[in-house]
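Each reported figure results from applying straightforward, stated rules to the coordinates on display, with no laboratory input. Here the structure is a predicted model, which means the values were calculated and not measured. Glycine gets a Cβ as well: all are built from the backbone with ideal geometry, and neighbour counts include every protein chain shown.
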């Protein structure tokens, strides 16, 4: 269970914070709202994240992907291991989760995040 790469990816998203909650879960937030949760200890799931209602319905049909405990009603899925999806797809889905949460933040917070994204793009050679 390698969470280092997903941790690095989440930390690369503007204004992401991380905290350890519920004893053994690494929670990634933007604007104080969760968008992904990685398990720090082996258990019944490896990574959980928010998705669209359509994405939720499609993903839970795949083997190794289940409705996230306690969060399924908010359209969260849980990957039982890293193998059900390739890394590129996991990154895409986590980015989508991030964008979904950012889209629900107050307009002022959204503008700050958009401004930081633009600034980072300009600084990248």
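Values for this structure:
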read-out: Inter-site label distance for residue 21 and residue 80 at 7 Å from Cα along Cβ, in nm; value: 2.6 nm
read-out: Cα Rg, Dmax, the chain, angstrom units; value: 14.4, 43
read-out: Chain lengthening between residue 115 and residue 89 when straightened (0.36 nm per residue, less Cα-Cα); value: 6.8 nm
read-out: Simple label model, 7 Å out from Cα along Cβ direction - residue 3 to residue 52, nm; value: 2.8 nm
read-out: Global geometry of segment 14-62, whether rounded, prolate or oblate, following the gyration tensor of its Cα atoms and the 1.5 cut on a/c; value: oblate
read-out: Sites residue 104 and residue 73 - FRET efficiency at Förster radius 22 Å, r taken between beta-carbons, to 0.05; value: 0.90
read-out: Estimated 222 nm signal from helices in the chain, with DSSP H stretches of n ≥ 4 weighted -39500 (n - 2.57), rounded to 500; value: -13000 deg cm²/dmol
